[in-house]
Amino acid sequence: ALLHAAVGALAPTRRQLLHTGESGLVAAPTRRQLLAGGAAGLIAAPLRVDAAPAIPTWDLGNGARMPTLALNTVGLDAASTERAVLAALETGIGHVDFHPDKERDGVAAALKRVPRSSLFLTTKVRSQQNDPSVTPAKAADLARKQLEEDRSILGVDKVDMWLL
């Protein structure tokens, strides 16, 4: 839903894209198809971010402020995640909630194109709950290793929020 909120501000609605072709009414592509690169050129006008209201933030008590609205990239591949992050930034959404692996790789690609300060990064630890051989000590070690891997791939000193 948050993805649609971010992309919805960027992409016209399906109703706006319906048109009449030679064989009659032609359906518009979905927003997911637009993110995946289909129907290129259908987004007609650039956004005016300066006209958008500021996203409210929460004070985390340590000098950091967390935007209350985030782009959730669950289920997207790396290329779609990169496009979604860049589109969200154009609409004023700088908080990105992503999973390790392919979504993280898309965020890393976006970070090569935008300043680190423009994004509040939220990620999460991979769940080990279905593996009965993982002891609490081993789970803690795996979590530390994952955080180091995430930071290295993202090219950042820290992530802003890490969910366990």
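The values are calculated or read from the model by the stated rules, or taken from the named source; none is laboratory data. This one's a predicted model, so the numbers in the text were calculated from it and none came from an experiment. Neighbour counts are summed over all protein chains in view; Cβ atoms, including those assigned to glycine, are modelled from backbone coordinates with ideal geometry. The area values use the complete protein model at the heavy-atom level, side chains included, leaving out ligands, DNA and RNA. Shrake-Rupley method; radii C 1.70, N 1.55, O 1.52, S 1.80 Å.
Which condition from (1) surrounded by 15 or more Cβ atoms within 10 Å (Cβ to Cβ); (2) aliphatic (A, V, I, L, M); (3) over 25 Å from W58 (Cα atoms) is the one that A137 breaks?
(1)
I want to confirm something. Restricting to the stretch 147-164 and keeping residues that are part of a helix (DSSP H, G or I) and under 24 Å from L60 (Cα atoms), which single residue is most open to solvent (accessible area, probe 1.4 Å)?
Step one: list which residues in the stretch 147-164 are part of a helix (DSSP H, G or I), which gives 147-154.
After this cut, where a residue has to be under 24 Å from L60 (Cα atoms) as well, the list is 147-148, 150-151, 154.
Values: L147: 40, E148: 96, D150: 0, R151: 72, L154: 10 Å².
Once the filter is applied, the top-ranked residue is E148.
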